[in-house]
Amino acid sequence: MKLTYKIQLILSIILILLANILTELLHHWLFRSAGFAVCGLLWIIHPVLPHGAEVSKRTLLWVRLAGILLILIGIFTRVHL
């Protein structure tokens, strides 16, 4: 199965939602951080663009930077329960 933009976006949303649910059920922030980190790594390792978007090094760089931003969100946001 080839990961398209739509599938990878849906997979990312599901992964973050599951990580947030685990965080709330088990009362530990590490699951949320790990969910964001895995999601960010997915976008860094496999950057995909929407259908019709111009494929260039610059656009792939922006997708990878968005992946780095997801990792930073996971690292710096903690909700104290």
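The values are calculated or read from the model by the stated rules, or taken from the named source; none is laboratory data. Since we're looking at a predicted model, the values are computed, not measured. For neighbour counting, all protein chains shown are included, and Cβ atoms are generated from backbone atoms with ideal geometry for every residue, glycine included. Calculation scope for accessible area: heavy atoms of the full protein, side chains included, ligands and nucleic acids excluded. Shrake-Rupley method; radii C 1.70, N 1.55, O 1.52, S 1.80 Å.
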State whether one or more residues within the range 45-62 are under 20 Å from Leu17 (Cα atoms) and touching a residue at least 24 places away in the same chain (Cβ under 8 Å). no
Do you know which residues across the range 1-32 are part of a loop (DSSP other than H, G, I, E, B), open to solvent by 90 Å² or more (accessible area, probe 1.4 Å) and without any contact (Cβ under 8 Å) to a residue 24 or more places away in the chain? Met1, Lys2
Considering the range 46-81 alone, what residues qualify as being within 15 Å of the chain's Cα centre (by Cα), within 19 Å of Trp29 (Cβ to Cβ) and of a type outside the set (Val, Ile, Thr)? Leu69, Leu70, Leu72, Gly74, Phe76
Selection from the range 33-76 of residues surrounded by 14 or more Cβ atoms within 10 Å (Cβ to Cβ) and not in a helix (DSSP H, G or I) yields Pro47, Val48, Leu49
